[in-house]
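Trainee: Pasting a structure below so you can have a look.
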Amino acid sequence: MTWENSAITITTLLPVAGAIVIALMPKDKERAIRGLGIVVSGVAFALAVAIAVGFDYGTDGLQYELDLNWIGAIGVRYHVGIDGISLPLYVLTFLLSFLCAIYTWRFVPDPGRTRAFLALMLLLETGMAGTFIAFDLILFFVFWEMVLVPMYFLIAIWGSANREYASIKFFLYTLFGSIFMLLGFLAMYFQGPDPHTFDMVALRDFGAGGGFSQTFQLIVFGGVALGFAVKVPMWPFHTWLPDAHTEAPTIGSVLLAGIMLKMGTYGFVRIAIPFLPYGAEKYAPWIGALAAIAIVYAALACLAQKDLKRLIAFSSVGHMGFVMLGIATLTEIGIQAAIFGMVAHGVITGMLFFCVGSIYDRYHTREIAKIGGGMLQTMPKLGSVFAFVAIASLGLPGLAGFWGEIMALLSSFNPNEVFLGDQVGLFRLFMVMGGIGTVLTAGYFLWMLQRVNMGTLPDHWREAGLRDVLAVEWVSWAPLLALILVLGLYPRLVFGITDEAVSGLMTLLGS
Amino acid sequence: MDVDYHALLPEFILAGTLLLVLVVDVFLPERAKWFAMPLGLAGVVASLVAVATLIGAGTRVSFGGTYVVDEFALLFKGFFLVTAVVVLSVSLRYFREGGFYQGEYYFLLLTSFLGCVMMPSSRDLLLLFIALELVSAPGFLMAAFRKGDVKSNEAGVKFFIIGVLSTAVMLFGMSLIYGVTGGETKLAEIATALADIPDDLQTLTYAAILFVVVGFAFKVSAFPFQFWAPDTYEGSPVPVAAFLAVASSVAGFAGLLQLMFVAFAGQHEFWVPIFAALSVATMTVGNFVALQQTQIVRLLAYSGIAQSGYILMTFALVTDDAASNRSAFAAGVAYILIYGVMNLGAFAATVAVSRRHPALRIADFAGLRETAPVIAVGMAVFMISLAGVPPTGGFWGKLLIFQAAIERGGSLGPALAVVMLVNSVVSVFYYLAVPRQMFLREAADRSRMRVPALVTAVVAVATIVIVAIFVLPNPVARLAEISTLVGLGP
C-alpha cells in the first residue's frame, strides 16, 4: 500500500472511523465530542487538499487508482480513483463538511444529542465523497444509497416542525428513483462486454464505442436518468426538495444543497451520457426542456415564497436547471459550465443556508414578513454577508455564480452539432427561457434583500438583543466567502482541473 | 439399508437431547424447571459441532439415497441450529417469568428443530412430509402456549386448522405423483420419471405439482395461505413467533427448493408463472397490509409475508439456462439466510421490549434509544436491513435477487424486478416507523429497561453480523458455488 493507491480510500473512510469513535464517547464530554468532530473532518479535508496538490492536472484519466476484488462471486470490485471531473466535487465535499463541523462547535440544533448528530454527519460525508470516487457501478450505488439513512435521521431528529413528513418523503422519493437506476446498472452489466463487468471505465469505453444497442440505450437511459433526475432534482421530480431543505437543520441543508444534489448531475456526466450516448442524444432535448422549465418555474415559485429558507430551497431548483441545461447541450462548454455550476452552487447555496440558519437563530422565525426588514441596521455584518451571497447567487459577473450560468446559456446557443444538429432552434428557445429566468432570479433575490435587509427595523426587534456575526460563524464562513470571490475572478481554478477530463470525455463521444 | 451414522449424528444428538429434556423435566422441582433450557442448549451446540465435523466430508448418502447430507443440507442444518441457539436464548427469561410449562416447551421446540434439521436432507416425498409435520405439529401446541389468553388459543387453533388442511392437500398431491410416476418417491427419480410422462397424464401431473406446492405455500405463508400468520404470531409467545417466522418458514423454503429444483425442474414451464403470480401477490399483500399495522409482531408477520414473496420470486426465475438458474438458486438461498439473521434480531429486540410492554404496540418502542440503547440501535439496523438499504446485509440480499432477475432476462425477469423494487420502496415506509418511534419520540417511563443479558447478546451479535455481511458479502455471495442441487436441474 502506497500513498498513491491508498490516499483516497483513507480520506474517504476516515469520517466513518471518526463516527464510530464519536458514537462510543461518553455522553457528558460535550466539548471533546465537538472538538473531535472538527479534528476528524479537518484531517479529512487536509488529506483531500493533499490529494488535490499531488494531482497531475495535465492528463485525462484516473489517478490515485485502486482496483481490488470485493465480491468475486458477482463481479463487484472495489475500484476507486479520481479524475478532473471528480476532484472539484470531492474536495468541496470535505470542505463543506469541515465547515459544518466548525459551525457545530457553537450551534447544535434541538434536541441536542451531539454525539449522534456528528456521527451521522460524518457517515454522510463518507457516502457523498465515496460517490465521487467510485468506479464500479455497484460501489457507486452503495455510496449513493449510504447517504439516505444518515440524512433521513438528520432531518427527522433535528429538523423543524414538519420534519417527519419531510424526512420520509425525502427517503422514499430518492429511493424510488435510485432503484430504477440500479436496474439500469444491472442491465448494463448483462448486456455489456464479455466477461460481464460493473467496472465503470470498461463500461464507459464499451458504451461510448456504441456497444449497447439503440433500443437498449433508450430504455436504460430512462431508468438511470430517473434515478439521477430525482436527486438533482429536475422539474417535475423536485417536490421533495423544498420540504427536505426547509425542514432540515442548517448543516443538513448546507450538505443537501452543497453536495448531495451534485451527486445527481455528476451521475449524468459520469455515467448516463458516456455509457449511453445514443440515449443521451435522444433524451437531451427533453432534459433541456425540463431544465428550462425548472429555471423559469423555480424563479416564479421563489417570488411567491413567504418562508426565507423555502425560497433558498426553490432557488436551488433553478440553479440546478442551469447545470442540467449545460449538460443537455452535450458540448464541452456545456459540461464545463455544468461542473463549474455545481461547484459554484455548492459554495454559494451552502453559504446561503448558513446565513438563513443564523438569521433563524437570531429571529426564531424564517418568515420574511415577521423578520420585517432592517437587518442591516441591527446586524450590519450579517446583513452584508447575506447581501453579498444573494447577489453572487443571482449571477453577478465577477462572483462565482456568473460563469456557470452564462456558459450554460452560451452552450445552448450552439448545442452539439453531431448529436443535436437538428435541434438548434429548440435549444435557442431554452436559452431565451434561461435568460428570462436569470432576470426573474435577480428580481426575487433583490426583492428578498429589500424585505429582509432594507427598511426600518420593527420595534419589537429593537430590544431583542440580536447579535451580529459570531467568531465561530466567521471561521466557518470565511473560506466560502473567499471562494465566491476567487471563483468569480479566477474561474480557471475549476476549469483548469476539469479541462482535460471533459475534453477526454468529448473525444470519447466522438465530437 | 446403508446408514451413514456419522452423517446422521446431528439428528441423533438432537433426538437424544429432546428425550432427555422430557425425562429430566419430570424429576426437576418447580423452581428449577428452567434447567431444561441449558440442557437443550448444550444438545443443540453439540449437534452444531457434529455438523461442523461433516463440513468438507463430501456428499453422504443414507437410506438408499433418500437422505442426503451435502453442502446444501449442511448449510441449512447449521443455520437451523444457530437459530435454535437464538430462540432458546431469548426464551429463557420469557418462559421462566411467564409461568409456562417450561419442560414441555423446550421439548416441543427441540422436536420442531429436529424436523427443520431433517428437511434439507430429505430427498424423498415421504421424508419431506415427515420433516414438515415434525416442524408443524409441535408448532400448533407452542402457538397456544399462553393458555390464559384467548388470542393465544385462537393462534393455535387457526394455525392447526389451516396447517392440517394444507397438509392434506399436499399429501393428496404426493399420492398423485406416486401414481403418475409409477411408484416413485425419491426426488431424483421422480424427475427422471416425469421427463417422459405420457401425454394423457400431463394434466394430472400438473395438478399434483400444484397440490404439493400448496402445502409448502402454507408453511412459508405465501398468498393466499398467509392469513394465519399475523394472528398466530400475535397470539403466540414472542419466542415462538420468532421460531415460526424464521425456522419454520425457512424449513418450508428448504423443502420447496429441493422439490422444485430437483423433482419438478423439468416442468418449470408450468410452475414458473404460478410462482411469479404467487410472489407478486405475496409481496404486494404483505407490504401493503403491513402499512396499517400498529402492533410490532403483526408488523413483523406481514413483513415476513412480503419477504417470502421476494424469496418466492427466485423460483419464478427458473429457465432452461443452467447458469441463470444457479444465480436464482444462490440468490434465494442467500436471501433466506440473511433474512433469517435480521428477522431473528428483530424478534429478539421485540422480546426485550415485551417485558415492559406486553401489548407490543409499535408506539411502545418510543424512546427506546434512551431506555435500551443497544436494542434500539440493533432494531434500527434490522429494520433498515429488512428494507434493503445500505449499510446493511439486507441490501446485498435484494441486490442478488435483482441481479438474478435481470440475468434471467426476457420480459418476466425485469418485470418481476420492477414489482419487487416498487414493493421495496413501499416497505421502507413501515420499516422506518419503528426507528421513528425509538429515536424521535420520548418514552413515558424514561428509566432504563432491564433487558436479559442473553437477549442483549443476541441483538448485538445479529447487528454485527448484518453490518459485517454488508462490508464483506463474499461468503454469502459465494453460495452459488455450493448450490449442488441445481446441478441436477434442467
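Trainee: Considering A:GLY252, A:GLY267, A:GLY258, which residue is surrounded by fewer than 24 Cβ atoms within 10 Å (Cβ to Cβ), in a helix (DSSP H, G or I) and under 13 Å from the mean Cα position of the chain (by Cα)?
Mentor: On inspection, the qualifying residue turns out to be A:GLY267.
Trainee: Also, I was wondering about something else. Determine whether the range B:371-380 contains at least one residue that is within 24 Å of B:VAL262 (Cβ to Cβ) and hydroxyl-bearing (Ser, Thr, Tyr).
Mentor: For the range B:371-380, residues within 24 Å of B:VAL262 (Cβ to Cβ) and hydroxyl-bearing (Ser, Thr, Tyr): absent.
Trainee: Return yes when A:TRP403 is touching a residue at least 24 places away in the same chain (Cβ under 8 Å) and out of contact with any Cys (no Cβ under 9 Å at 6 or more places or on another chain) and no when it is not.
Mentor: Judged against the criteria, A:TRP403 is a match.
Trainee: Continuing with the same structure: How many residues are surrounded by fewer than 16 Cβ atoms within 10 Å (Cβ to Cβ) and facing chain A (nearest Cβ under 9 Å) when one looks only at the range B:454-473?
Mentor: The qualifying residues number 1.
Trainee: Moving to a separate point now. Go through the residues of the range B:355-369 one by one and say whether even a single one is assigned to a helix (DSSP H, G or I), within 10 Å of chain A (Cβ to nearest Cβ) and not acidic (Asp, Glu).
Mentor: yes
Trainee: Quick check: is even one residue across the range A:423-430 in contact (Cβ under 8 Å) with a residue 24 or more places away in the chain, assigned to a helix (DSSP H, G or I), surrounded by fewer than 19 Cβ atoms within 10 Å (Cβ to Cβ) and in contact with a Phe, Trp or Tyr (Cβ under 9 Å, 6 or more places away or on another chain)?
Mentor: No; the residues of the range A:423-430 include none that is in contact (Cβ under 8 Å) with a residue 24 or more places away in the chain, assigned to a helix (DSSP H, G or I), surrounded by fewer than 19 Cβ atoms within 10 Å (Cβ to Cβ) and in contact with a Phe, Trp or Tyr (Cβ under 9 Å, 6 or more places away or on another chain).
Trainee: Let me spell it out: the conditions are (1) in contact with a helix residue (DSSP H, G or I) (Cβ under 8 Å, 6 or more places away or on another chain); (2) more than 29 Å from B:ALA241 (Cα to Cα), and B:GLY58 meets all of them except one. Which number is the exception?
Mentor: Every condition holds for B:GLY58 apart from (1).
Trainee: While we're here: Contact list please: Cβ distance under 7 Å, first residue in the range A:316-345 and part of a loop (DSSP other than H, G, I, E, B), second residue of a type in the set (Ser, Thr, Tyr), pairs at least six apart or on different chains.
Mentor: A:THR329/A:SER411; A:THR329/A:SER412; A:THR331/A:SER411
Trainee: Tell me which residues, restricted to the range A:447-474, are in a helix (DSSP H, G or I) and surrounded by fewer than 15 Cβ atoms within 10 Å (Cβ to Cβ).
Mentor: A:TRP447, A:GLN450, A:ASP459, A:HIS460, A:ARG462, A:ALA471, A:VAL472, A:TRP474
Trainee: Follow-up. How many of the residues making up the range B:377-414 are away from every other protein chain (no Cβ under 11 Å), surrounded by fewer than 24 Cβ atoms within 10 Å (Cβ to Cβ) and part of a helix (DSSP H, G or I)?
Mentor: Within the range B:377-414, residues that are away from every other protein chain (no Cβ under 11 Å), surrounded by fewer than 24 Cβ atoms within 10 Å (Cβ to Cβ) and part of a helix (DSSP H, G or I) number 1.
Trainee: Any chance you could count how many residues in the range B:209-265 are of a type in the set (D, E, K, R) and surrounded by fewer than 24 Cβ atoms within 10 Å (Cβ to Cβ)?
Mentor: 2
Trainee: How many of the residues in the range A:67-100 are surrounded by fewer than 20 Cβ atoms within 10 Å (Cβ to Cβ) and more than 14 Å from chain B (Cβ to nearest Cβ)?
Mentor: 2
Trainee: For B:VAL451, work out the one condition from (1) farther than 22 Å from B:ALA330 by Cα; (2) at pLDDT 90 or above it doesn't fulfil.
Mentor: (2)
Trainee: What number of residues in the range B:104-114 are surrounded by fewer than 24 Cβ atoms within 10 Å (Cβ to Cβ) and not hydrophobic (A, V, I, L, M, F, W, C)?
Mentor: The qualifying residues number 2.
Trainee: Of everything in the range B:434-454, what is in contact (Cβ under 8 Å) with a residue 60 or more places away in the chain, assigned to a helix (DSSP H, G or I) and over 24 Å from the mean Cα position of the chain (by Cα)? Give them in sequence order.
Mentor: Within the range B:434-454, B:GLN437, B:MET438, B:PHE439 qualify.
Trainee: Of all residues in the range A:13-59 being of a type outside the set (A, V, I, L, M, F, W, C) and buried (at least 17 other Cβ atoms within 10 Å of the Cβ), which is farthest from B:PRO373 (Cα to Cα)?
Mentor: A:SER41
Trainee: Which one is surrounded by the fewest Cβ atoms within 10 Å (Cβ to Cβ) among residues in the range A:161-181 that are more than 10 Å from chain B (Cβ to nearest Cβ) and more than 22 Å from the chain's Cα centre (by Cα)?
Mentor: Ranking the candidates gives A:ALA161 first.
Trainee: Do you know which residues across the range A:197-238 are outside any helix (DSSP H, G or I) and aliphatic (A, V, I, L, M)?
Mentor: A:VAL232, A:MET234
Trainee: Within the range A:182-196, identify whether any single residue is part of a loop (DSSP other than H, G, I, E, B), within 11 Å of chain B (Cβ to nearest Cβ) and either surrounded by fewer than 24 Cβ atoms within 10 Å (Cβ to Cβ) or at pLDDT 90 or above (or both), and answer yes or no.
Mentor: The answer is yes, given that some residue of the range A:182-196 is part of a loop (DSSP other than H, G, I, E, B), within 11 Å of chain B (Cβ to nearest Cβ) and either surrounded by fewer than 24 Cβ atoms within 10 Å (Cβ to Cβ) or at pLDDT 90 or above (or both).
Trainee: Residue check, B:VAL374 against (1) modelled with pLDDT under 90; (2) more than 18 Å from B:ARG361 (Cα to Cα); (3) away from every other protein chain (no Cβ under 11 Å), all met but one. Which one?
Mentor: Unmet condition: (1).
Trainee: Now for a separate question. Would you check which residues across the range A:101-160 are touching a residue at least 40 places away in the same chain (Cβ under 8 Å), among the small types (Gly, Ala, Ser) and within 12 Å of chain B (Cβ to nearest Cβ) and list them?
Mentor: A:ALA116, A:ALA119, A:GLY130, A:GLY159
The values are calculated or read from the model by the stated rules, or taken from the named source; none is laboratory data. Everything numeric in this text was worked out from a predicted model, so none of it was measured. In this analysis, Cβ positions are derived from the backbone assuming ideal geometry, glycine residues included, and neighbour counts consider all displayed protein chains.
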